[in-house]
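Let me begin by presenting the structure, written as structure tokens, before commenting on it.
The values are calculated or read from the model by the stated rules, or taken from the named source; none is laboratory data. Here the structure is a predicted model, which means the values were calculated and not measured. Glycine gets a Cβ as well: all are built from the backbone with ideal geometry, and neighbour counts include every protein chain shown. All accessible areas refer to the heavy atoms of the entire protein, side chains included, with ligands and DNA or RNA removed. Shrake-Rupley method; radii C 1.70, N 1.55, O 1.52, S 1.80 Å.
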2 protein chains.
Amino acid sequence: MPKNQKKIVTIGGGTGTFVMLSGLRDYPLNISAIVSMADNGGSTGILREEIGVLPPGDVRRALVALSSQSQKILIDLFNYRFNEGTFNGHSFGNIFLAALEKITGNTQKAIDEASKMLDVKGKIFPSTLTKCHLFAQLENGKIIKGETNIDIPKHNTNAPIKRVWLKPRAKANPQAIKAIQNADFIILGPGDLYTSIIPNLLCSGIKNALIKSKAKKIYIVNLMTKFGETNNFKASDFVKTIEKYTTKNLLDFIIINNKMPTKKRLEKYREEKAQLVEIDEENFPKTAQIIKTDLLRPRGFIRHDPNKLAKTIFQIVF
Amino acid sequence: MPKNQKKIVTIGGGTGTFVMLSGLRDYPLNISAIVSMADNGGSTGILREEIGVLPPGDVRRALVALSSQSQKILIDLFNYRFNEGTFNGHSFGNIFLAALEKITGNTQKAIDEASKMLDVKGKIFPSTLTKCHLFAQLENGKIIKGETNIDIPKHNTNAPIKRVWLKPRAKANPQAIKAIQNADFIILGPGDLYTSIIPNLLCSGIKNALIKSKAKKIYIVNLMTKFGETNNFKASDFVKTIEKYTTKNLLDFIIINNKMPTKKRLEKYREEKAQLVEIDEENFPKTAQIIKTDLLRPRGFIRHDPNKLAKTIFQIVF
């Protein structure tokens, strides 16, 4: 790793982080990806419950995003999902990471070994090595256990989330803390606010490290609201929530898409009660620099375009 | 691969082939391992039935036997067996090969890719790419379906096996045929006679290629009989059965252990009704050269010692 490369730490999980890392991997940057360990759904949930490993899903996505195309077959394997029999629904990458954790006896070592095999650019750190679950209390008082129950709400209610926490109390991964301390830039998001981004900030030690770090902090506002998590959220609501779980005026840069998707693309989201996030920059903290630009993927799902997003980040960093 | 290396083809499956290949891998030989595709038990059986892949178990053992220690973590993964939850009893290596077959859509390609990843010395060829099952008819007329039912007999009878066959009719893998045609030496065994060695010979094309090949043929006699398969077999019975499924006077060399294990080691086999194979060389075909030597593993299971066996083979080859 050349010494003059800027040290970038990303904090997140899920598809948002995958998209960003896929774009960033081609730039001359020293990347550390801190990923959430709260996932308990699907293949990941079964593996963590039955085999006692830490949830592999977000780690797997980060590994694939940062892997080298020279390892194409192994990447294809990591992306493969069984669709029949005993293994139905299981991601091969998750099974791989679970077995690797079993034989190494250590989550971080398993990730480091998988990183070598996949020729991964950068480092991947789980935000915590504590086995914990995400809890949410809604404004109506109801408590929900488990990332997946918050993420895919069975609580078909419009009650917003009041607060989230981890149980048992999760200690931050010391390597994640160290990466934050040494970073030049720290990027939060994009990704599900309460289920992918904030679970990292709840690990004891992360918040303080973030506040103390001299790194410039960048927040990437989501494109769409998510039903059950961020109903009716405007851009400033995302920012305020990040500040609530860290500190006021944490952010140096707020990156936000200003390209409207077509009505046709938006229509598909009506069913899942997701809306385009409104840009209310007048409510943004005055201390942060706002970067509004086209970050939209040209077609399909309304998601960030990996290249547009990475280019925008790189322009800040250099 | 240096051109002057002797071309060795092994025909077998299971633990016997694993032991031999582990020993041979350190010698300057050009190795092709032809392995049986009749296994339908355990993890392998579930994967072939549920996911529709060819049975990965024997391929996995050959891969590990011929792999390079530089790939230690991946070898450890291949040897790992889950012992809880949904995956209980499944070998990770089998799952790996099954997923690889799914994404490549081709068993031989999956094996070649896994061979690259494990830095395997030599080539591994399934004897057939046809999905088939092994059937046995006992002397009492009873027909048994499936390698595992023959291997671990529920038919608690002393009736010997009359004949075995594959159903549907299995066409030999053309690459296996080619390896046999080009071989300098072909080694049959050690391994379960009816469930690991002969299933290869039943694939249409293998027998004729064997008979026609100018290679010297070596047979390694098993150390122990196996209840349900080779009850009361003497050494010559093994040889005669191999000849029955190929041709008279096929063999150029017969390698046989002449070191007695201790009574204590033998006692452990009484429970599974297995006996030490008696050397009745007077009944051996006169055309074959007999090599009697110490091939016994010094302790534990009564198995061939990989190094002693490989050294003996190498002395014939050079």
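For this structure, a couple of remarks:
- Top-ranked residue of region A:103-120 - restricted to ones that are touching a residue at least 40 places away in the same chain (Cβ under 8 Å) and under 19 Å from A:Asn40 (Cβ atoms), ranked as nearest to the other protein chains (Cβ to nearest Cβ): A:Ile111
- Within region A:69-104, being open to solvent by 20 Å² or more (accessible area, probe 1.4 Å), hydroxyl-bearing (Ser, Thr, Tyr) and closer than 29 Å to A:Gly23 by Cβ holds for A:Ser70, A:Tyr80.
- Residues of region A:43-68 satisfying the condition of being hydrophobic (A, V, I, L, M, F, W, C), open to solvent by 10 Å² or more (accessible area, probe 1.4 Å) and in contact with a Phe, Trp or Tyr (Cβ under 6 Å, 6 or more places away or on another chain): A:Val64
- Residues that are outside any loop (DSSP other than H, G, I, E, B) and either in contact (Cβ under 8 Å) with a residue 24 or more places away in the chain or under 17 Å from A:Asn232 (Cα atoms) (or both) within region A:242-278 comprise A:Ile242, A:Glu243, A:Phe253, A:Ile254, A:Ile255, A:Ile256, A:Asn257, A:Arg265, A:Leu266, A:Glu267, A:Leu276, listed in sequence order.
- Residues being away from every other protein chain (no Cβ under 14 Å), over 18 Å from the mean Cα position of the chain (by Cα) and part of a helix (DSSP H, G or I) - total across region B:54-93: 1
- Just one of the listed residues (A:Lys178, A:Lys212, A:Lys167, A:Lys207) is open to solvent by 30 Å² or more (accessible area, probe 1.4 Å), of a type in the set (Lys, Arg), over 21 Å from A:Leu251 (Cα atoms) and assigned by TED's automatic domain parsing to the domain that holds A:Lys248, namely A:Lys167.
- Of the strands (runs of 3 or more DSSP E) entirely within region B:99-146, those holding at least 3 residues that are within 22 Å of B:Glu50 (Cβ to Cβ) occupy B:133-138.
- Criterion violated by B:Lys123 - all others in (1) open to solvent by 40 Å² or more (accessible area, probe 1.4 Å); (2) without any contact (Cβ under 8 Å) to a residue 24 or more places away in the chain satisfied: (2)
- Residue match in region B:28-42 (condition: within 14 Å of chain A (Cβ to nearest Cβ) and either closer than 17 Å to B:Ile150 by Cα or surrounded by fewer than 24 Cβ atoms within 10 Å (Cβ to Cβ) (or both)): yes
So that you can scan it fast, the table gives a plain yes or no per residue for (1) over 19 Å from A:Gly191 (Cα atoms); (2) of a type outside the set (D, E, K, R):
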| site | (1), (2) |
| --- | --- |
| A:Glu278 | no, no |
| A:Glu282 | yes, no |
| A:Lys286 | yes, no |
| A:Gln289 | yes, yes |
| A:Asp294 | no, no |
| A:Phe301 | no, yes |
| A:Pro306 | no, yes |
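- Hey, B:Val9 open to solvent by less than 20 Å² (accessible area, probe 1.4 Å), in contact with a Phe, Trp or Tyr (Cβ under 8 Å, 6 or more places away or on another chain) and within 12 Å of B:Ala62 (Cβ to Cβ) or not: no
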